[in-house]
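Asker: Mind looking over this structure? Questions follow.
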Amino acid sequence: MQIYRIGGAFYDMLHLSLTMRKEEVLKANAIEGLGLQPGAKVLDWGCGTGLSLRLLYPWLRDGGTIYAVDSSPSMAKRAVACCKPSDVLKYHFLLRDGLDLPIQEEVDVVIASYSLGVLSTDQFDPALQGIWKALKPGGRLLLLDMYVPTEQPWLRRVYQKATISFANKVFRQDFSETLLPAANKYFDTVSISHDEPLMAVTFVGKKRELPLDSSPAQSS
């Protein structure tokens, strides 16, 4: 996506000013709800400029491992700069599209914050399958993404249309109807909530023992 090729600092300024930091509050609350303990292993799928990494730090500063995956060099460069590695908190960065995750150990949690929605719908399954394989048995996926309500008061529809006209540069309106069903193939729903003013969905899923309709190739 072209928007992810701009400088990381400019992207942060644009993103935070447009959302008035409401997305970061939503994300912070969702991460808090995970109840991460020192020593946890977390994968930030589509880490961008590291906004989620900053929110993970208070929970893992006493020990943990963070894997951060992103396909944009400019975004990943800024993400690296925001990290605070120590003897007990390790970071591993992978410059990849996320469809192939050569991680050497299984993780406890995967966070995908406004990242899966930029994929084409035919990439949802391989991306979610890769996330499923990266998680430990019983591991959890925290998915935050754009959600487009279908029925709104007229004033909110005006705001929604203006927002979507910009968001469609990155997201598609149809993915909000297809992303969660794709996720449910690999994850049992623990919780799901919608923030209609923010046009956001927060999904927490627990790794299924096997994907629905799994084939030998998928479950290998």
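The values are calculated or read from the model by the stated rules, or taken from the named source; none is laboratory data. Treat the numbers as computed from the prediction; the structure is a model and nothing was measured. Note: ideal-geometry Cβ built from the backbone for every residue, glycine included; neighbour counts use all protein chains shown. For accessibility, only protein heavy atoms count, side chains too; no ligands or nucleic acids. Shrake-Rupley method; radii C 1.70, N 1.55, O 1.52, S 1.80 Å.
Asker: Can you give me the Cα centroid spacing of segment 43-76 and segment 107-132 in angstrom?
Answerer: The two parts, judged by their Cα centres, are 15 Å apart.
Asker: Distance cut-off 29 Å, Cα to Cα: go down the list LYS77/LYS185; LYS90/LYS185; LYS77/LYS207; LYS84/LYS185; LYS22/LYS133; LYS27/LYS133 and report the pairs above it.
Answerer: Violating the 29 Å limit, Cα to Cα: LYS77/LYS185; LYS90/LYS185; LYS77/LYS207; LYS84/LYS185; LYS22/LYS133.
Asker: Pop out the carbon and sulfur fraction of the accessible area of segment 21-118 as a percent, whole number, probe 1.4 Å.
Answerer: After summing per-atom areas, the C and S share lands at 49 percent.
Asker: Here's something else I'd like to know. Efficiency by 1/(1 + (r/R0)^6): what FRET value for ASP213 and ASP87, r their Cβ-Cβ distance, R0 = 41 Å, to the nearest 0.05?
Answerer: That gives a FRET efficiency of 0.35.
Asker: What does the extension gain come out to for LEU198 and ASP97, with contour length at 0.36 nm per residue minus their alpha carbon separation?
Answerer: Extending this stretch completely gives an extra 33.7 nm.
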